[in-house]
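The values are calculated or read from the model by the stated rules, or taken from the named source; none is laboratory data. This is a predicted model, so every value here is computed, not measured. Note that we place each Cβ from the backbone using ideal geometry, even for glycine, and neighbour counts take in every protein chain shown. Protein only, heavy atoms only, side chains kept; ligands, DNA and RNA dropped before computing areas. Shrake-Rupley method; radii C 1.70, N 1.55, O 1.52, S 1.80 Å.
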Number of protein chains: 2
Amino acid sequence: MSPKITTELLKQLRQVMKNPKFVQEPVQAYIVPSGDAHQSEYIAPCDCRRAFISGFDGSAGTAIVTEQHAAIWTDGRYFLQAAHQMDNNWTLMKMGLKDTPTQEDWLVSVLPEGSKVGVDPFIIPADQWKRMSKALRSAGHDLVPVKENLIDTIWTDCPQRPCKPLITLDLSYTGVSWRDKIVALRSKMAERKVMWFVVTALDEVAWLFNLRGSDVEYNPVFFAYAVIGMNTIRLFIDGDRMMDPPVREHLQLDSTLEPEFKIQVMPYGSILSELQAVGAGLSPKEKVWLSDKASYALTEAIPKAYRYLTPYTPICIAKAVKNAAETEGMRRAHIKDAVALCELFTWLEKEVPKGTVTEIIAADKAEEFRSQQKDFVELSFATISSTGPNGAIIHYKPVPETNRTLSVNEIYLLDSGAQYKDGTTDVTRTMHFGTPSAYEKECFTYVLKGHIAVSAAIFPNGTKGHLLDSFARSALWDCGLDYLHGTGHGVGSFLNVHEGPCGISYKTFADEPLEAGMIVSDEPGYYEDGSFGIRIENVVLVIPAETKYNFKNRGSLTFEPLTLVPIQTKMIDVNLLTEKECNWVNEYHQKCREVVGAELERQGRHEALRWLLRETEPLARVQ
Amino acid sequence: MSPKITTELLKQLRQVMKNPKFVQEPVQAYIVPSGDAHQSEYIAPCDCRRAFISGFDGSAGTAIVTEQHAAIWTDGRYFLQAAHQMDNNWTLMKMGLKDTPTQEDWLVSVLPEGSKVGVDPFIIPADQWKRMSKALRSAGHDLVPVKENLIDTIWTDCPQRPCKPLITLDLSYTGVSWRDKIVALRSKMAERKVMWFVVTALDEVAWLFNLRGSDVEYNPVFFAYAVIGMNTIRLFIDGDRMMDPPVREHLQLDSTLEPEFKIQVMPYGSILSELQAVGAGLSPKEKVWLSDKASYALTEAIPKAYRYLTPYTPICIAKAVKNAAETEGMRRAHIKDAVALCELFTWLEKEVPKGTVTEIIAADKAEEFRSQQKDFVELSFATISSTGPNGAIIHYKPVPETNRTLSVNEIYLLDSGAQYKDGTTDVTRTMHFGTPSAYEKECFTYVLKGHIAVSAAIFPNGTKGHLLDSFARSALWDCGLDYLHGTGHGVGSFLNVHEGPCGISYKTFADEPLEAGMIVSDEPGYYEDGSFGIRIENVVLVIPAETKYNFKNRGSLTFEPLTLVPIQTKMIDVNLLTEKECNWVNEYHQKCREVVGAELERQGRHEALRWLLRETEPLARVQ
């Protein structure tokens, strides 16, 4: 990976930062956030402005360019990747390390007195605007909205915004019709006494209407907004796709409907003016509900006194709790995904010793096996196929310049997943195709102990995911080891592979309590820069737990692994496992055998079945 | 415990809430917070306004009285106690339960439109004012400062504010002189570019000047404020106590000093006007540092643009990290405390079977044994001496109406501690003087497993205490059990038994990372309403840990128990312990034997020594 040369681009950006054609007054700094106008984590090529200006294309990071400096803030997953992709014009700000300044503190330290800091008001979330604006103002500077995106003005070959056909999902996939979802949403609105709800997140629009798209790679969403009133539904979406008969039928656009279920379709670009009209027409006490992460531009469209902002929307919370149809779909998707990975690992075991399999070939092969499965749509994120030192780059994606050949001498880490019409998968396995060293096995076993500690944890109803994070680290901590990322994230149902409002992280964020039906990942790891990376990840479903007692009648929860792919026993130092942990591995493997074994049999994949049976032989603990 | 009859008092309060003599405009609600003007947790009798108006005298709780309602918010420790102490005029709001409204939400739900909510601006912390004021304003109400405290106007026999003599502490106790503490504080002020620092917390004033007092029971503090400039020191304190020659000498009040160390002594009541004068005389960029928990009145004295507010002051953080002299003092204090408890338990073992020992007698006896130890000053909090069902009242204090007799049929829980001139102690032991049931042993053992999980935890430098809380609960959670309080709090060095900025709690609060030298409690529990309470509490010191590896050179930490009192082995179901846990108990008891045994020997307390030796026999685990 050679860094992107950005000298000329930065010069151009610094020129437009002073050009009265684009800015009312010159701005001394310009912020380029990671997201799009919907605060998406994964974005369309036309929204990859931070990658365009800096070269760093990880999924999280904010660039700030001043007259003298250019800096990128990103988290532990991306420290190595960002350092590789950026040239010397850029300073890497490692978030989470003690000495790294916040963006605000850094700006205050480098800006001349009374500076203006510009940002696209459609890209910056309102909560971030508020925090940053306050900090800058208290230091004598001003955060100002710059209507025209300054990156777009210098990005001559910027791709078009995608506008691809939609997929409709029937009840067998969603469990609930879009009409019933609207009814439930309106009842939440009535509870909070709000008259309007603005849907800004792409996955929330998709979930609400039981539609999927492919405007953003890996995330089956489409560019749209929605504004739901107590008696109206407005959907802001572009293109011919609303002319598609199945879509029209699904949304009942041509039927005679009760007026409160009649969807008004409007152009995507009219959201701001429509919302301003809503804002102007409000009577006292008529509130408008928005996520506090909605863009500053849309939030400002509603006068302050009428805004009702929450960190998580009722759609976000409802979407996280999967119903029976969704849970069953997720189970099916994970069985198919396991079949594909059993095929892959069987194939790798034969091919790796020949020295012909590169990281890219392995990733492509994984996609090939997945695409043979029913209802496969696309991958759910860029496959992390990494061997040896590349494994230590936490969100590595192989490219020709870094592409390493798998060998019997190095650890191989594969973090991959897919979108199936019935569910989303995300699984990491760490394998050795030769003989792992004692140290590699030791580290792997600590990571496994952490994985099991979370997966087998029993905890009271109402517990927030962040309270489970330390369980995943305890075995590593005991030996002075750790990993610099969270332990788990919410997973959508044929939707985004990362979703709120729950997760398992040491970072104190306002997560919602875990509830039966929620689905999260469990993925501790250990990474040694320059030598190897280990991660063991399952997607797990929150389920009720049976306990001996029941304090205050609260009930307890635990996790059921949905991912059913063998964990390589060759990598385990059995003597480091407790009896309970050993039993967990054996029971897990027994379930892989039964469930995935039956499907391999059904699909006639006999070689992979033999591989599965061998890889799931019970561990024997030396007493 | 019979409830306080408050009908007449509430009638009087509701009258003054409308009386133009006391309020500019009638207030429809009046808030009575728990603290005093220093936001102290433990308060002087003259500040017990919430207890006066409601009857509930726990250490935490806020009362709100409206024209129609009266309600108290308190946490899980006090649910039972509050329910017992309050009459039917009051509604108990159980904080931490899902359906309990916040104070703001409740006010909004009960108040008529456009209400005024009054509060004493000296009692309400600025951060709480801000949150509450904002919430009320957005619902069309107003939070207003009421200068005269309305409780004081109806409290005819309100006691005088105490003003007791001071104790000076020399270097052998404090390790650092007050002058050096001022120098260190000024260097922190220079780092943050602030010109003034306002010391509002009583323990921070005491710590800064190496003085102690006895104005508040259990907390060796005195009523005072301090304002530290880069070249000035102002101490706001009343009474003859500054005439005391040792105090004058300690503070060098009569010496010729460099002007920047000359202490100006001013009347306690002049803090507001002096601070207003400071506020009025500030030049641009001259900031004043205050805790964000300082009172609204003092915070308002500084114009908003000049305020520098932080959740923890530099004094709070420096005070939490004990130096060698303080650590050694704490060790000594805990050995003396253990001697007293060995004597107590020896005595109880003989006396309880006779049926003559009540909770109050046991508490008094504990105090008697403690008072025999060198440098004993007073207790560090009201002794929780509770047997049987009283043990389930988490912060129970025996009074004649509830006083239960200890017996060989019930669990006895003793949570007690003392102030010695060299340190502060806080220890809980749960004992059975007959034969515990299998269920009692089972619950005790889960609590013990939680205690050990925290005490033996190894974690990276920089870890916040709240990340350890779940370790204490895991064994209980596995069986569907839990406890409704945090796991640990910071402990002062001959100062408040509860202090910031660190702790171990499931509540997400902005705790500072744990550092070597910090001292916290480790006190998981289990409580069964109406039958028994179990808690095992040690005070533990954060120390560096030796680990096999050292990820990113961060270094690791662990805990060393300072409390050295046997944990009753009779209560342990050894079969529920792992080998590691069993070894922990045996090593802990071995240390109690050696260290406390030697001191019992030295003090000639042979019967207690024999008790100690018997109680610290190693556990034998059945294989």
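Summary of computed values
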item: Lone unmet requirement of (1) over 29 Å from the mean Cα position of the chain (by Cα); (2) within 14 Å of chain B (Cβ to nearest Cβ) for A:ARG307; result: (1)
item: Residues being surrounded by 22 or more Cβ atoms within 10 Å (Cβ to Cβ), within 17 Å of B:MET132 (Cα to Cα) and not polar (S, T, N, Q) - total across segment B:286-295; result: 2
item: Candidate set: segment A:421-452, residues that are β-branched (Val, Ile, Thr) and over 25 Å from the mean Cα position of the chain (by Cα); chosen: the one nearest to the other protein chains (Cβ to nearest Cβ); result: A:THR445
item: 1 or more residues of a type in the set (Phe, Trp, Tyr) and either modelled with pLDDT of 95 or more or outside the structural domain of B:THR200 (by the TED database) (or both): qualifying strands (runs of 3 or more DSSP E) within segment B:1-80; result: B:29-32, B:70-74
item: Of residues in segment B:66-84 being open to solvent by 20 Å² or more (accessible area, probe 1.4 Å) and not aliphatic (A, V, I, L, M), the one farthest from B:ARG14 (Cα to Cα); result: B:ARG77
item: Qualifying residue in segment B:451-461 (condition: over 30 Å from A:LEU97 (Cβ atoms), assigned to a helix (DSSP H, G or I) and either touching an Asp or Glu at 6+ places or on another chain (Cβ under 7 Å) or of a type in the set (Lys, Arg) (or both)); result: yes
item: Helices (runs of 4 or more DSSP H) wholly inside segment B:132-223 that include at least 1 residues being within 17 Å of B:THR313 (Cα to Cα) and touching a residue at least 24 places away in the same chain (Cβ under 8 Å); result: B:178-191, B:202-209
item: Filtered residue count, segment A:422-451, keeping only those that are aliphatic (A, V, I, L, M), in contact with a Ser or Thr (Cβ under 9 Å, 6 or more places away or on another chain) and open to solvent by 10 Å² or more (accessible area, probe 1.4 Å); result: 0
item: Test: residue in segment B:320-341 that is more than 23 Å from the chain's Cα centre (by Cα) and over 30 Å from B:LYS464 (Cα atoms); result: yes
item: Any hit, segment B:521-529, residues being modelled with pLDDT of 95 or more, touching a helix residue (DSSP H, G or I) at 6+ places or on another chain (Cβ under 8 Å), surrounded by 24 or more Cβ atoms within 10 Å (Cβ to Cβ) and more than 14 Å from chain A (Cβ to nearest Cβ); result: yes
item: Every residue from segment B:374-416 that is under 18 Å from B:THR563 (Cα atoms), open to solvent by 10 Å² or more (accessible area, probe 1.4 Å) and either part of a loop (DSSP other than H, G, I, E, B) or at pLDDT below 95 (or both); result: B:LYS374, B:ASP375, B:PHE381, B:THR383
item: Index of the failed condition, A:LEU481 passing every other in (1) assigned to a loop (DSSP other than H, G, I, E, B); (2) more than 9 Å from every other protein chain (Cβ to nearest Cβ); (3) buried (at least 24 other Cβ atoms within 10 Å of the Cβ); (4) among the aliphatic types (A, V, I, L, M); result: (2)
item: Residue among B:VAL539, B:VAL565 that alone is in contact (Cβ under 8 Å) with a residue 60 or more places away in the chain, away from chain A (no Cβ under 14 Å) and not in a loop (DSSP other than H, G, I, E, B); result: B:VAL539
item: Total residues in segment A:273-285, condition in contact (Cβ under 8 Å) with a residue 24 or more places away in the chain, out of contact with any helix residue (DSSP H, G or I) (no Cβ under 6 Å at 6 or more places or on another chain) and open to solvent by less than 70 Å² (accessible area, probe 1.4 Å); result: 2
item: Residue count, segment A:484-508 (criterion: β-branched (Val, Ile, Thr) and surrounded by fewer than 22 Cβ atoms within 10 Å (Cβ to Cβ)); result: 1
item: Residue within segment B:121-143 that is on the phi > 0 side of the Ramachandran plot and at pLDDT below 95 present; result: yes
item: Positions within segment B:487-511 being away from chain A (no Cβ under 12 Å) and either closer than 19 Å to B:GLY533 by Cα or in contact with a Phe, Trp or Tyr (Cβ under 9 Å, 6 or more places away or on another chain) (or both), in sequence order; result: B:GLY488, B:GLY492, B:SER493, B:PHE494, B:LEU495, B:ASN496, B:VAL497, B:HIS498, B:GLY500, B:PRO501, B:GLY503
item: Those residues of segment B:243-260 which are in contact (Cβ under 8 Å) with a residue 24 or more places away in the chain and either touching a strand residue (DSSP E or B) at 6+ places or on another chain (Cβ under 6 Å) or surrounded by 14 or more Cβ atoms within 10 Å (Cβ to Cβ) (or both), in sequence order; result: B:ASP244, B:PRO246, B:VAL247, B:HIS250, B:LEU251, B:GLU260
item: Residue count for segment A:349-389, restricted to those that are β-branched (Val, Ile, Thr) and touching a helix residue (DSSP H, G or I) at 6+ places or on another chain (Cβ under 8 Å); result: 3
item: Only listed residue being open to solvent by less than 30 Å² (accessible area, probe 1.4 Å) and at the interface with chain A (Cβ under 9 Å from one of its Cβ atoms), chosen from B:SER455, B:SER470, B:SER474; result: B:SER470
item: When residues of segment A:458-467 are limited to those that are more than 18 Å from A:LYS507 (Cα to Cα) and facing another protein chain (nearest Cβ under 8 Å), the one surrounded by the fewest Cβ atoms within 10 Å (Cβ to Cβ); result: A:GLY462
